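In what follows, a single structure is set out as structure tokens and then discussed.
Since every read-out is calculated from the coordinates, none of them should be taken as a lab result. If you're wondering where the values come from, they're calculated on a predicted model, not measured in any experiment. Quick reminder, even Gly has a Cβ in these numbers, built from the backbone with ideal geometry, and neighbours come from all protein chains shown.
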């Protein structure tokens, strides 16, 4: 069955990566689905061949790797193409996620999955941890991180599910409105909870 699986999610610029790093520092295996999404379409992979056949060689770089920026432009301009790509890649990402979780050691494994709520993926995990912060702080962080204008950052935040929807899916919430010390305290508290073991027959498993 493998270790208990904790899904780590949160809105953009809320601090998911920082939280993941803090859990990793405690010896917990982190499975990053963004990295797995790149792995399943690596150069020479069967999925990349399918993508190239469907979209044409223009979405490949000179070295044979996927030009992710160009592909993103194509699929976000056409919902049907985006759906085709998701139906191809999502099952492969889920399978690879399951394999990495099975091979993880320790009392639990944490899976960083930004679009957990958007993809209705909570039922695949024993517990959901949401990293949350005040919307004004989130907006400021996104502008500072990506060099966006306030208007650009606001549009990007509006494209995600709402804060309320994300919190409704949470079993646990980390508030990231303060400094790293406050964040570390919350991580260590949850680490102690998760390390005790969780009942897989909880309400999360029943969802």
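Within 10 Å, count the other beta carbons around each residue, average over each peptide in 162-168, 36-42, and list them highest first. Each step should come with its number before you reach the end.
On the way: 162-168: 13.6, 36-42: 17.0.
Listed from highest to lowest mean packing, they are 36-42, 162-168.
Suppose we keep just the alpha-carbon trace of the stretch 1-151; what are its Rg and Dmax in angstrom?
My reading of the Cα-based Rg and Dmax gives 17.1, 46 Å.
If I stretch the segment between residue 65 and residue 151 completely, what's the gain in nm (0.36 nm per residue apart, minus their alpha carbon distance), one decimal? Don't jump to the answer; show the numbers that get you there.
Numbers: separation 86, 0.36 × 86 = 30.96 nm, distance 3.30 nm.
Gain in length upon complete extension: 27.7 nm.
In the stretch 117-168, what is the volume of the convex hull around the alpha carbon atoms, normalised per residue and reported in Å³? Present the calculation step by step, with values, prior to reporting the outcome.
Working: hull volume 4.6 nm³, N = 52.
Roughly 89 Å³ of hull volume per residue.
Can you tell me the order of 21-30, 71-80 when each peptide is scored by its average per-residue count of other Cβ atoms within 10 angstrom, highest first? List each step's numbers first, then the result.
Values: 21-30: 15.9, 71-80: 12.6.
Ranked from most to least packed, the peptides come out as 21-30, 71-80.
Against the longest alpha carbon principal axis of the chain, how many degrees, from 0 to 90 and to the nearest 10, is the axis of helix 16-25 turned?
60 degrees
Between residue 88 and residue 160, what is the spin-label point distance in nm, taking each point 7 Å from the Cα along the Cα→C-beta axis?
2.8 nm
To the nearest Å, what is the center-to-center distance of the stretch 67-107 and the stretch 111-134, using C-alpha atoms only?
Cα centroid to Cα centroid, the span is 15 Å.
Based on DSSP H runs of at least 4 residues, each adding -39500 (n - 2.57), what is the mean residue ellipticity at 222 nm of the chain after dividing by all its residues, to the nearest 500 deg cm²/dmol? Display every interim value, and only then the final one.
Values: 10 runs with 109 residues, N = 207.
Taken over the chain, the calculation gives -16000 deg cm²/dmol.
On a 0 to 90 degree scale, rounded to 10, what angle separates helix 68-77 from the longest Cα axis of the chain?
Between helix and principal axis, roughly 90 degrees.
With N denoting the number of residues in the stretch 35-105, provide Rg(C-alpha) divided by 2.2 N^0.38 Å, to two decimal places.
Numbers: Rg = 12.9 Å, N = 71, 2.2 N^0.38 = 11.1 Å.
With N residues counted in the stretch 35-105, Rg over 2.2 N^0.38 Å equals 1.16.
Compute the acute angle (0 to 90°) between the alpha-carbon long axis of helix 180-195 and the principal axis of greatest extent of the alpha-carbon atoms of the chain; round to the nearest 10°.
So the inclination is approximately 80 degrees.
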